[in-house]
Amino acid sequence: MLRLGIMTTAFITHPDAFFHINPEGHAECVARLEVISEATRGLDLHRVKAPLADDTPILRAHPQSYIDGLEAQLPASGHVALDPDTYLSRGSLAAARRGVGGLINAVDMVLDRVADNAFVAMRPPGHHAEREKSMGFCLFGNVAIAALHALDARGLNRVAIVDFDVHHGNGTQDIMWDELRIRFFSSHEMPLYPGSGAAGECGAHGQIINIPLPAHSSGALYREKLEALILPALDDFKPELILLSAGFDAHIDDPLANLDWSDEDFTEITRALCRVAQKHCNGRLVSSLEGGYNLDTLGGLVRAHIEILQEHSA
């Protein structure tokens, strides 16, 4: 494929993401994507509509029975509760399939050098969806599916996933528990939903690194962990692609958690991970929206995150 030019960051989304509708008052709401769309309006990005994924890539992470079960519960109107936090509406599975399709398209774009890096702005999020269980607002394990696509469909040997959402990426961990070709790093407040993510949860091959953080700790503590644990492990692993589960709910003003990260913490974390991508995989990095529930801060945090991606385009 031909390159589109120098300094290219892809921004992948789709209007179907607005038709996953949770009950009124739910934190994971349509307005999250509205504020992101408004905040990123003036950025010079390669804007792409997320394609609709069929079952083939999803089956790398979830059994057919799980997909069929979600399809069978899809309501004609209103909502169906899958658990106390996770709902289906009429448009939910189309939105979720485009979330998967958007991430797969982003991986293909950076591997084919159509884009240098990418941000996928879709909802529902994905990192809580386990192999056979939807939970925590999530239906499909989007980032895990994208990693398996890179490995199985695109022939990569080493993919790193860095999850800095304030909640543990239990779904990604469940799907990747026995996957030797990945390194999965999750930082998260503990104790907090979903209750997993202890440092001793290391995967079948020691390939999972969990970094639990105490409530009201600052981004400076995470950045110390990043320098001491994550970056050296990435240097040792030498990933061919880096995927980010980019949650912005560790911010001090987020209503669903109690970490005290600043705007600058997020930009410095993004910058450090972009440097690793340049060092080991020619800048190939794909970031995907997970949490972030303060509508006054989310748009600015995502815009700043994307601006760092633009700075580090090859």
Review point. To the nearest 20 debye, what charge dipole does the chain have about its Cα centre, counting +1 at the Cβ of each Lys and Arg and -1 at the Cβ of each Asp and Glu?
Key: 1020
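On a full-extension model of 0.36 nm per residue, what is the gain between ALA31 and ALA215, subtracting their alpha-carbon distance, rounded to one decimal in nm?
63.5 nm
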Check your understanding: If you plug each phi of region 161-170 into the Karplus form 6.51 cos²θ - 1.76 cosθ + 1.60 with θ = phi - 60°, what whole-Hz ³J(HN,Hα) values come out, in order, with x for Gly and Pro?
Key -> 10, 10, 10, 10, 4, 5, 9, 4, x, 5
Point to revise | Candidate lysines - alpha carbon under 30 Å from LYS133, same-chain residues fewer than 8 apart omitted | key: LYS49
Review point. After finding the eigenvalues of the alpha carbon gyration tensor for region 74-194, what semi-axes result from the square roots of 5 times each, listed largest first in whole Å?
Key: 25, 19, 12
Point to revise | Beta bridges by DSSP in the chain, antiparallel share as percent, to the nearest 5 | key: 10
Practice item. Express in whole angstrom the spacing between the alpha-carbon centres of region 256-296 and region 1-70. Key: 18
**Study point:** region 153-242, Cα convex hull volume normalised per residue, Å³
**Key:** 92
Review point. From the residues ILE211, GLY247, ILE58, which one has its Cα farthest along the dipole of the chain in the positive direction, the dipole being from +1 and -1 charges on Cβ of Lys/Arg and Asp/Glu about the Cα centre?
Key: ILE58
Review point. How big is Rg to Rh over the chain, alpha-carbon atoms, Rh as the Kirkwood inverse-mean-distance radius?
Key: 0.93
Exercise for review: For region 4-52, just run the numbers: alpha carbon Rg, then divide by 2.2 N^0.38 Å, N being how many residues it has.
Suggested key: 1.37
Review point. Taking N as the number of residues in region 26-145, what is its alpha-carbon radius of gyration divided by 2.2 N^0.38 Å?
Key: 1.09
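I need the calculated FRET efficiency for the pair GLU38 and LYS238, taking r as the beta carbon distance and R₀ as 51 Å, to the nearest 0.05.
On the way: r = 39 Å, r/R0 = 0.76.
With a Förster radius of 51 Å, E is 0.85.
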Point to revise | Residue-wise HN-Hα coupling along region 210-224, computed from phi with Karplus coefficients 6.51, -1.76, 1.60 (Hz; x: Gly, Pro) | key: 9, 10, x, 10, x, 4, 6, 7, 8, x, 4, 5, 4, 5, 5
Review point. Which of the lysines could a cross-linker bridge to LYS279, judged by Cα under 16 Å and excluding same-chain residues fewer than eight apart?
Key: LYS238
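Just so you know, all these numbers are worked out from the coordinates, no wet-lab data involved. Bear in mind the structure is a predicted one, so any value in this text is a computation, not a measurement. Every residue, glycine among them, receives a Cβ derived from its backbone with ideal geometry; neighbour counts consider all protein chains shown.
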